[in-house]
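A short worksheet on the structure shown next.
The values are calculated or read from the model by the stated rules, or taken from the named source; none is laboratory data. Here the structure is a predicted model, which is why all the values come from computation and not from measurement. Neighbour counts run over all protein chains shown; Cβ positions are idealised from the backbone, glycine included. Note: areas computed on protein heavy atoms with side chains; ligands, DNA, RNA excluded. Shrake-Rupley method; radii C 1.70, N 1.55, O 1.52, S 1.80 Å.
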Amino acid sequence: MPPELLACLFLALVAVSASGAAAARRHPTPANSTATGNPVYIWPLPKNFTSGTRTLAVDPDLALDPRGPGGGASAVAEAFGRYRSLIFSPWAHAARPASAGYDVATLTVVVASADETLELGVDESYTIYIAVAGGANSIVSGATIEANTIYGAIRGLETFSQLCVFNYDTKNVEVRYAPWYIQDEPRFAFRGLMLDTSRHYLPVDVIKQVIDSMSFSKLNVLHWHIIDEQSFPLEIPSYPNLWKGSYSKSERYTVEDARYIVSYAKKRGIHVMAEIDVPGHAESWGNGYPKLWPSLSCTEPLDVSSNFTFEVITGILSDMRKIFPFGLFHLGGDEVYTGCWNLTPHVKQWLDERNMTTKEAYKYFVLKAQEIAIDLNWIPVNWEETFNSFGESLNPRTVVHNWLGPGVCPKVVAKGLRCIMSNQGVWYLDHLDVPWEQVYTAEPLAGINDTAQQKLVLGGEVCMWGETADTSDVQQTIWPRAAAAAERMWSQLEAISAQDLETTVLARLHYFRCLLNHRGIAAAPVTNFYARRPPIGPGSCFLQ
């Protein structure tokens, strides 16, 4: 059946099923409650939806019916298998006699394109239809997800999984408030989470858990801050001594590890944007190659006067380009304290010969690193200090990454550059005293009213800096506050602005936090005064 006809038939069903308008309510604009007035326990909130009052039983042997050029892709089948495991208990087949029928026995997934390319701005839209056969007015039955790409289908599978709820009385999985019609797409193309593996090493399995949890809230960019001044854990074949800067030989990532993480993330519709932060934050590089230090008493920034410095950067980026296919690469550029360049004789001589100040040398370094990345067909991303110091000189392709405070993206887009918002006052997860409400209400487009300039804001990113986070507490620090930002970046502004923070949003965030817990993600209580604090006493997951 053509998608357009299926949509028309389904909307006709919604209009007449279960006593008409009293049973199902069409929402011409984004809304936040079901037809019965209950909050919509889908996170992030879909763009548009309708719902009803029926409860449908879902077959524990739920079958996948792949259709369209992309429906048969292995990524779709693998995602379906993952979500079926999340939805059903291992003993689900014993819950109901085989003779009993199920309302939803097949999930049809229609994908229009077989192209598996994952790039910034890939179409993540999807539509879900869930209805039931058997009534006089029923036209469409079962469950269907339609998407233009496999990545839209993966987002739709997440939403479908959240509609499936286990009933402990009947021991069946049910879809409540059916029939459902959901049409959804993200507000921003870039919805990121930064993970810092330089301050504390995170095992590959922990990174996989973070990627899984990102997919549950529809975040789609893992910004991997692999390296910093404290450690250099990544294998670089062109310069194999660099990872002598790791904390230990057991706290390293091989090329194969990095490729595996990229592949694992792609299967969940998640990009991996790697970062090397230059010229500052690079002291660990010199453990393997001391010539990168200006001197033993000046171990960062990297030596701007040495050709060897840029040969190493070229080698690192060339090797990493073989691992990280995402079009954006983060070159850092923040917190560059150049004073010791003037105190190092050979660097001072180099500066004097060029009549260059240390500030100008900082610009020279950043722009040269940008040229190397661009030659490798990367779009450079730099922290906002580069824009604040010499924004007029940045390559026009530059994406400026805000972090110091509000009001930066309006200045960036006014100059025609693109921007990512990570205002540390609201979206730095290592700031444990920032409550979820402030995370939720932070707006990437604040202060930008021009429509053309709004399009230059790619989105935003929550940042999990690792000074006080390792395997023991990283998930509790990320979640559930990262989910608050995730809904801000995915859902339509009108929909999320219409909600009441302390009732509708809080109830839904409690529910999503409990869902994360059920899926094995160690999300901390929602209403902590400080993030990642354990519960202060007995209580329900839905009230903490």
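A few notes on this one:
- Against the conditions (1) over 15 Å from ALA482 (Cα atoms); (2) not in a loop (DSSP other than H, G, I, E, B); (3) not small (Gly, Ala, Ser), ARG533 satisfies every one except (2).
- Any helices (runs of 4 or more DSSP H) falling wholly within segment 328-387 and containing at least 3 residues that are in contact with a helix residue (DSSP H, G or I) (Cβ under 7 Å, 6 or more places away or on another chain) and under 16 Å from LEU417 (Cβ atoms): 358-375
- Against the numbered list (1) open to solvent by less than 10 Å² (accessible area, probe 1.4 Å); (2) closer than 20 Å to HIS401 by Cβ, THR309 comes up short only at (2).
- Qualifying positions in segment 37-85 - free of Cβ contacts under 8 Å to residues at least 12 places away in the same chain and of a type in the set (Asp, Glu): none
- Considered as a group, the residues in segment 92-131 that are at pLDDT below 75 and under 21 Å from PHE80 (Cβ atoms) include one that is surrounded by the most Cβ atoms within 10 Å (Cβ to Cβ), and that residue is ALA92.
- Identity of the residue in segment 249-271, part of a loop (DSSP other than H, G, I, E, B), of a type outside the set (Val, Ile, Thr) and open to solvent by 40 Å² or more (accessible area, probe 1.4 Å), that ends up farthest from SER198 (Cα to Cα): LYS267
- Subset of segment 470-483 that is out of contact with any Ser or Thr (no Cβ under 8 Å at 6 or more places or on another chain) and within 14 Å of LEU509 (Cα to Cα) - its residue that is surrounded by the most Cβ atoms within 10 Å (Cβ to Cβ): ARG481
- Taking residues in segment 448-462 that are under 20 Å from GLU487 (Cα atoms), and partners anywhere that are surrounded by fewer than 13 Cβ atoms within 10 Å (Cβ to Cβ) and of a type in the set (Val, Ile, Thr), not one pair has Cβ atoms closer than 8 Å while being at least 6 places apart or on different chains.
- Of all residues in segment 12-69, those satisfying the criterion of being open to solvent by less than 50 Å² (accessible area, probe 1.4 Å) and at pLDDT below 50 are ALA12, LEU13, VAL14, SER17, ALA18, GLY20, ALA23, ALA24, HIS27, PRO30.
- Looking across segment 396-411, just one residue is among the small types (Gly, Ala, Ser) and either out of contact with any helix residue (DSSP H, G or I) (no Cβ under 9 Å at 6 or more places or on another chain) or free of Cβ contacts under 8 Å to residues at least 12 places away in the same chain (or both), and that is GLY407.
- Taken over segment 143-156, residues that are among the hydrophobic types (A, V, I, L, M, F, W, C) and surrounded by fewer than 24 Cβ atoms within 10 Å (Cβ to Cβ) amount to 0.
- Checking each residue in segment 281-306 for being more than 26 Å from the chain's Cα centre (by Cα), crowded, with 17+ Cβ neighbours inside 10 Å and not hydrophobic (A, V, I, L, M, F, W, C) picks out GLU283, SER284, GLY286, ASN287, GLY288, PRO294, THR299, GLU300, PRO301, ASP303, SER305, SER306.
- The C-beta contact set for segment 215-239 (first residue modelled with pLDDT of 95 or more and assigned to a loop (DSSP other than H, G, I, E, B), second residue among the basic types (Lys, Arg) and open to solvent by less than 10 Å² (accessible area, probe 1.4 Å), distance under 9 angstrom, 6+ apart or interchain) comprises SER217/ARG191; LYS218/ARG155; LYS218/ARG191; LEU219/ARG191; ASN220/ARG155; ASN220/ARG191.
- For the criterion of being of a type in the set (Val, Ile, Thr), closer than 27 Å to ALA189 by Cβ and assigned to a loop (DSSP other than H, G, I, E, B), ILE211 fails.
- Scan of segment 515-529 for residues that are modelled with pLDDT of 95 or more and part of a loop (DSSP other than H, G, I, E, B), ordered by number: ARG519, GLY520, ILE521, ALA522, ALA523, ALA524, PRO525, VAL526
- In the set (1) under 26 Å from ARG199 (Cβ atoms); (2) out of contact with any Pro (no Cβ under 7 Å at 6 or more places or on another chain); (3) modelled with pLDDT of 95 or more; (4) open to solvent by less than 50 Å² (accessible area, probe 1.4 Å), LEU445 fails one condition alone, (1).
- One residue stands out in segment 157-195 among those that are open to solvent by less than 10 Å² (accessible area, probe 1.4 Å) and small (Gly, Ala, Ser): the one that is farthest from ALA75 (Cα to Cα), namely ALA178.
- Screening the candidates GLU461, GLU467 for the property of being acidic (Asp, Glu) and either open to solvent by 10 Å² or more (accessible area, probe 1.4 Å) or under 16 Å from TRP436 (Cβ atoms) (or both) yields one hit, GLU467.
- Matching entry among TYR247, TYR201, TYR181 (being out of contact with any Leu (no Cβ under 7 Å at 6 or more places or on another chain) and farther than 29 Å from VAL399 by Cα): TYR247
To keep it simple, each residue is scored yes or no on (1) without any contact (Cβ under 8 Å) to a residue 24 or more places away in the chain; (2) open to solvent by less than 30 Å² (accessible area, probe 1.4 Å); (3) over 18 Å from ILE448 (Cα atoms).
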{"site": "GLU360", "(1), (2), (3)": "yes, no, yes"}
{"site": "ILE372", "(1), (2), (3)": "no, yes, yes"}
{"site": "ASP375", "(1), (2), (3)": "yes, no, yes"}
{"site": "ASN382", "(1), (2), (3)": "no, yes, yes"}
{"site": "PHE390", "(1), (2), (3)": "no, yes, yes"}
{"site": "LEU394", "(1), (2), (3)": "no, yes, yes"}
{"site": "VAL413", "(1), (2), (3)": "no, yes, no"}
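- Residues within segment 312-326 that are in contact with a strand residue (DSSP E or B) (Cβ under 6 Å, 6 or more places away or on another chain) and either surrounded by fewer than 18 Cβ atoms within 10 Å (Cβ to Cβ) or without any contact (Cβ under 8 Å) to a residue 24 or more places away in the chain (or both), tallied: 0
- Within segment 285-296, the set of residues being in contact (Cβ under 8 Å) with a residue 40 or more places away in the chain and either of a type in the set (Val, Ile, Thr) or farther than 16 Å from TYR337 by Cα (or both) comprises TRP285, GLY286, ASN287, GLY288, TYR289.
- Scope segment 494-506; condition open to solvent by less than 60 Å² (accessible area, probe 1.4 Å), in contact (Cβ under 8 Å) with a residue 40 or more places away in the chain and assigned to a helix (DSSP H, G or I); matching residues: ALA495, ILE496, LEU501, THR504, VAL505
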